[in-house]
Amino acid sequence: MSIPSEIQDIIDRLNGELRQIEQEATRGMNLIRPLLELFPNNDILVSFFASLNNSLFLVEIYKRRLNSIVELLLPENVAAEIVQNAGEELGDLLGRALESKIGLEKIIDRLERLQ
């Protein structure tokens, strides 16, 4: 069985969002490192650094989970219940990725204003 187009669309969107999160978190790390060198005990900067690291960690976890879900959907004759559960989990992952992206954008915005 091939992956249903609706689920493939979610997979593609999730992959795109994860790429963007990874790029933005990396950009944020590049912005924050010089600031942390100047102000190593600044609680806000330390918190931002932790959030950026968490974003990168989230990307790795979600990529692994996404690959696991795709592997479940690739065999022939996958049960409809498995497809349904996979779609729901992918939707949940996408929602959480979007929430993370919004938080990340706020951090990046604040860091850019400090430059």
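Laid out as a table, the results:
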| read-out | value |
| --- | --- |
| Meets criteria (surrounded by 14 or more Cβ atoms within 10 Å (Cβ to Cβ), closer than 30 Å to Leu31 by Cα and not aliphatic (A, V, I, L, M)) for Ser51 | yes |
| Filter result (assigned to a helix (DSSP H, G or I) and open to solvent by less than 80 Å² (accessible area, probe 1.4 Å)) within the stretch 34-48 | Pro34, Leu35, Leu36, Leu45, Val46, Ser47, Phe48 |
| Within the stretch 23-62, considering residues that are of a type in the set (Gly, Ala, Ser) and farther than 28 Å from Ile10 by Cβ, the one farthest from the chain's Cα centre (by Cα) | Ser47 |
| Residue in the stretch 23-33 that is more than 17 Å from Glu112 (Cβ to Cβ) and surrounded by 15 or more Cβ atoms within 10 Å (Cβ to Cβ) present | no |
| All positions within the stretch 59-115 that are loosely packed, with under 11 Cβ neighbours inside 10 Å and touching a Leu at 6+ places or on another chain (Cβ under 9 Å) | Gln115 |
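The values are calculated or read from the model by the stated rules, or taken from the named source; none is laboratory data. No experiment lies behind these values; they were computed from the predicted model shown. Cβ atoms come from the backbone with ideal geometry, glycine included; neighbour counts cover every protein chain shown. Surface accessibility is based on the protein's heavy atoms, side chains included, excluding ligands, DNA and RNA. Shrake-Rupley method; radii C 1.70, N 1.55, O 1.52, S 1.80 Å.
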